[in-house]
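Here's the structure we're looking at; comments come further down.
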Amino acid sequence: MIRNYLIIALRNLWRNKMITVINLVGMAIGFGIFLTFWSWVRFDLSFDKFHEDIEQMFILNVRLTMNGSEYTSERTGGIYAGALVDNFSQVQSSCRMSEPQEFELGVPTGEEGDDVPMKYFDENEVLAVDSSFFNFFSFKLLEGNIDVIFSSRDHLVLTESLATKLFEEQDPMNRTVRIGEGSFFTVAGVVEDPPDESSIRFQALMGFHIMEEQGYPVDGYGGTMFYNYFKLSSMDDLGELNRSINEYVDAHHETDLEAWYFLDSFERLHLHGESQGIIGFYMNLIMSLMILSIASINFINLTTAFSSKRLKEIAVRKSAGASKKQLIIQFMGETYLLLLISFYLGLFVAEHLVPATARAFGGNLEANFSGASFWLQITPIFIITGLLAGLYPAVKIAGFKPLVFLPGKSISNYHKGSRSRKALIIVQFTFSVIFIIVSVFTIRQFAYLKEADLGFNREDVVYIPTKGLVWEQFPLIKKELAELHFVAGVTSGSDIPVKIDRGEIDWGEREGEHNKIARMLWTDTDFLSTFEIELLEGEYFSQERDSLNYEYVVVNQDLVELMGWEEPVGRSFFLWDRDFQILGVTENINFFPFNLKVFGNEALIYLYEDVREYIFVRVRSGITPEQMATIEDVFRKYNPGYVFDYNFVSEYEYEALENTEGIKLVFKIFSILAIFIASMGLIGLSIFNNNRRTKEVGIRKAMGAHSGIIMKLLLSEFMKLVVLSNLIAIPVAYLILKKIFQVFSYSVDLKLSVFLLVFLLSVFLSLITVTYQAFRTARSNPVKSLRYE
C-alpha cells in the first residue's frame, strides 16, 4: 500500500510540474529563512549554559522607581558581594566585576627596559574582577595558577587572542604590559577566549583593586557601577531572601530613591538584562514564524485549488471502498513527502544564509543543523508545519463525494473553497505588506538618526579618543591644530553630544526635591562654538576665568523650564553637596536617541574641564586624506606609540544599534523574499484560475470580447485581493511603527507618501506576477478553448 501511495504521489507531482516547482521553491525558501532565524533563536537560548553551576548562579539587580517609571539595572554597589555572603547563609560565594573598561595596553618594541619605546594597542573589553573569578565562572584558564592569580596588584590575565596580538608567537607568561602612561603589569595567566554564547565578554582581566585606585567607591551601597554575582546553596524561598536583602539594605543605607534589590537567575541575563536581548529574540522568532506562515499559506492555496484535478481519482477510490481516513493519510503522506524535499533544500539555503547574516552583524555564527537537540526542536515544528499546510487540503480533498460525477453534475462548479483561498491570499499579502512597510521605515529611521537636526551641527566634526600623553599635552595639541587653515575649531568633552548618558539626581536648589535626573557634560571653553550650539543667556566658560570656571555651571533651556526659573543666570545651583553659580543658558539639543521614561526630562548641565575623554576637531567641508594625515601627525608628535583613532560625529554608531548596516541588509533581503514567496503563490493561483475559466474565456471571445476586456476580467479578482490586503496591512503597520518609534527620542515622520508608495509597489508587483498568465489565456484561440472541455 505504501508503495502504491508513493507511486501515485510521484505521478501527481510530475503531472503538475509547475505547481510542484512553485510549492517546492516557496516552501524551500520558507524553511531556509525559518532555519536562519531559528539558528539565532537557538543561539540566544544557549547563552551562558557552559558554566558548570549555572542553575545556582544569580546576579543582583536593583529596580529604581523615578518619575513614576521603573528602571531595572543589574549594576549595583560594590559592597554587596561581601555583605550578602557574610550575612545570609543561603549565599555560598560571590564575585564582583566592573563594566568593560577601555585601556591602552603597551608592550615594549624591543628588549624590556626603561628606555625602550612602547607600542600601544587599544582594548575596550578589560574587566576588573575579584580573585574568585576563575573559581566562580567556568572560563578555561590555559596558563597560570588559579590560586595565585590576582594575589598581586600587578597581575594581568589575557585572552589567547589578545596574547597573540600583543606578543605574537612569544610566550606571554610573566611578560610586562603597561597601561597607558601608568603602571606596569605582569601577565599572570592566559585564558581561552569567551565563547560566542557568553554574556560576559572580555579580552583582559585585572584585579578589582584597580577600581578603588581609580577612585571608585568599591564598598558603597549606592550607585550602579558594578556587577555582583552569587552562588546560592538553595533556590527555595528566593522571594523571602530578596525581602531580607532589602531589609538589610534599608538598615545600612539611607537614600531618597525608591529601590528594590533582588537576585535574578544568571541564565536570564542575556535575554532579560539591560541589553534587552529579548527584543531581538522575539523579533527573530516572530519573523521566522511569519515567513514560514506565508510559505505554508501558498502551499494550502495551491493544493486546494488544484484538488479539482483529482476528483475522478477520489471518486474511483471511494467507489472501490477507500475510506475518508485512508484518503487523508494518502494526501498527508504526499504533503510530508513534498515538505521533506523542501526542508532539505531549505537546509541548503540556511547553510549559506546563517554565516552571511552573521557576517553582516559582525558576528561568527555557523549553521549547525546536527545533533540531537536540533532535531528534537525541529521535528515537532516540521510535523506541525505539515499539519497546518496539509491537513486542511487533505480533509477537503478526501471529503469530495462520488455523487459529483453522476450525469448532470458539473465538476467545474465544485469550488466551494474559493472563499477560503481568497482569505488566505489576503492574510498572506497582509503579512508581506506589513513586513515591507516596517522594513522601509526601520531603514529610514537608522538613516534619520544620522541626519536629524539635533540642535547642533555635527557635520564635519572629527572625534578622537583621548589617550596616553594627550591628557597632558592637549593645550599644545589644541594650539597647533587651531593654526591649520582647514581646522575651524578644537574642543574637548566627556561625551560625544549625540549620546550623553551620564546622569545625576542630586541637583537643583539646596532646599527641595532632588530626584529628577539631569545629564552631565564636561567640556572646555570652545565646546559651544565648535558644535555651533546657541547660547541664549549669560556666558560660557572662558580662558580668562581660568580656575574660576570650576565654580560655574551652564544649563540648557529644558532645565530652566523644569525648575520654573525666570532669571536663571547668576542663580545659586546645588550639585554634589556644594553650591555652583549658573553662568549661562543654552538652547536645547537632542543628546540621547532613546526615550527612557525614567529620565522624565531632557535637562542638561555643562561643567568645566580643560580636557576630557574626547577631542573634537571641526574641519572644513571636504577634508582631504592629506589634511587628515596632518592632524594625525600632530597627535603622533605629542603622543608617540599610540594608535591614532578617529571618526566623524555624523557617523557615530550607537551601541544599542550596532551593525545597523547588517540590520538594514537583513530587512531588505527578507522583505524581498517574503514578497517573492507571496508572488509565487499568485502565479500558481492565476494558472489555476485561468485554466478553470478557459471555457468562459472561449465563449466571451466567440461573442466578440477583445483581449483587453478578457485580461481585465482575469486580473480584477486578484487586484481586489491585493488592494484589500493593503487596506488591512497599512493601519496595522502604522500602529506597529508607532509602538516601535516610542523607543526613540526623535524619529522619522510616518509619511502617508511612503505608505502610498508601498501600496502602489505591491499592486505593481502583483500585476507583473499575474499579467503573463492572463495575457496567454486572453490571447488563446477560442476554438481550442471551447474544445477544452
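Structure notes:
- Of the residues Met290, Met283, the single one that is part of a helix (DSSP H, G or I), open to solvent by less than 50 Å² (accessible area, probe 1.4 Å) and at pLDDT 75 or above is Met290.
- Exclusive hit being farther than 18 Å from Thr525 by Cβ and outside any loop (DSSP other than H, G, I, E, B), set Glu602, Glu632: Glu632
- The requirement of being in contact with a helix residue (DSSP H, G or I) (Cβ under 6 Å, 6 or more places away or on another chain), assigned to a loop (DSSP other than H, G, I, E, B), at pLDDT below 95 and surrounded by fewer than 19 Cβ atoms within 10 Å (Cβ to Cβ) is fulfilled somewhere in the range 143-150, by at least one residue.
- Positions within the range 30-57 being surrounded by fewer than 24 Cβ atoms within 10 Å (Cβ to Cβ) and hydrophobic (A, V, I, L, M, F, W, C), in sequence order: Trp38, Trp40, Val41, Phe43, Leu45, Phe47, Phe50, Ile54, Met57
- Exclusive hit being open to solvent by 20 Å² or more (accessible area, probe 1.4 Å), under 21 Å from Phe648 (Cα atoms), in a loop (DSSP other than H, G, I, E, B) and modelled with pLDDT under 95, set Asp501, Asp495: Asp501
- Considering the conditions (1) surrounded by 21 or more Cβ atoms within 10 Å (Cβ to Cβ); (2) more than 20 Å from Arg612 (Cα to Cα); (3) of a type in the set (D, E, K, R), Glu483 is excluded by exactly one of them, (1).
- Glu351 under 28 Å from Met27 (Cβ atoms), charged (D, E, K, R) and either buried (at least 21 other Cβ atoms within 10 Å of the Cβ) or modelled with pLDDT of 85 or more (or both): yes
- Each residue in the range 342-356 was checked for being touching a residue at least 60 places away in the same chain (Cβ under 8 Å) and farther than 14 Å from Phe299 by Cα, and 8 pass.
- Asn246, sole failed condition from (1) modelled with pLDDT under 80; (2) surrounded by fewer than 18 Cβ atoms within 10 Å (Cβ to Cβ): (1)
- Per the listing Glu267, Glu274, Glu313, the residue uniquely at pLDDT below 80 and under 23 Å from the mean Cα position of the chain (by Cα) is Glu274.
- The set of residues in the range 151-171 that are open to solvent by 20 Å² or more (accessible area, probe 1.4 Å) and of a type outside the set (Gly, Ala, Ser) comprises Arg153, Asp154, His155, Glu160, Thr164, Lys165, Glu168, Glu169, Gln170, Asp171.
- Residue match in the range 530-537 (condition: at positive phi and not in a loop (DSSP other than H, G, I, E, B)): no
- Selected residue (only one of Tyr614, Tyr638 is closer than 30 Å to Val470 by Cα, surrounded by fewer than 21 Cβ atoms within 10 Å (Cβ to Cβ) and in contact with a Pro (Cβ under 7 Å, 6 or more places away or on another chain)): Tyr614
- Within the span defined as the range 566-577, one or more residues are out of contact with any helix residue (DSSP H, G or I) (no Cβ under 7 Å at 6 or more places or on another chain), open to solvent by 20 Å² or more (accessible area, probe 1.4 Å), without any contact (Cβ under 8 Å) to a residue 24 or more places away in the chain and under 21 Å from Ile505 (Cβ atoms).
- Flag for Met206 being surrounded by 16 or more Cβ atoms within 10 Å (Cβ to Cβ), more than 29 Å from the chain's Cα centre (by Cα) and farther than 14 Å from Tyr261 by Cα: yes
- Here is the figure for the range 423-467: residues that are open to solvent by 20 Å² or more (accessible area, probe 1.4 Å) and not in a helix (DSSP H, G or I) total 7.
- Those residues of the range 131-142 which are in a loop (DSSP other than H, G, I, E, B) and within 13 Å of Val191 (Cβ to Cβ), in sequence order: Phe137, Ser138, Phe139, Lys140
- Strands (runs of 3 or more DSSP E) wholly inside the range 175-224 containing at least 1 residues that are in contact with a helix residue (DSSP H, G or I) (Cβ under 7 Å, 6 or more places away or on another chain) and under 27 Å from Thr72 (Cα atoms): 204-207
- Meets criteria (modelled with pLDDT of 90 or more, surrounded by fewer than 21 Cβ atoms within 10 Å (Cβ to Cβ) and on the phi > 0 side of the Ramachandran plot) for Asn174: yes
- For the condition modelled with pLDDT under 85 and touching a Ser or Thr at 6+ places or on another chain (Cβ under 6 Å), Phe431 does not qualify.
- Test: residue in the range 229-244 that is of a type in the set (Ser, Thr, Tyr), farther than 21 Å from Ser132 by Cβ and not in a helix (DSSP H, G or I): no
- Scope the range 555-564; condition surrounded by fewer than 17 Cβ atoms within 10 Å (Cβ to Cβ) and not in a helix (DSSP H, G or I); matching residues: Gly564
The values are calculated or read from the model by the stated rules, or taken from the named source; none is laboratory data. Bear in mind that the values here come from a model prediction, so they are computed numbers and not experimental data. When we count neighbours, we look across all protein chains shown, and the Cβ atoms used for this are built from the backbone with ideal geometry, even at glycine. Accessible surface areas use protein heavy atoms only, side chains included; no ligands, DNA or RNA. Shrake-Rupley method; radii C 1.70, N 1.55, O 1.52, S 1.80 Å.
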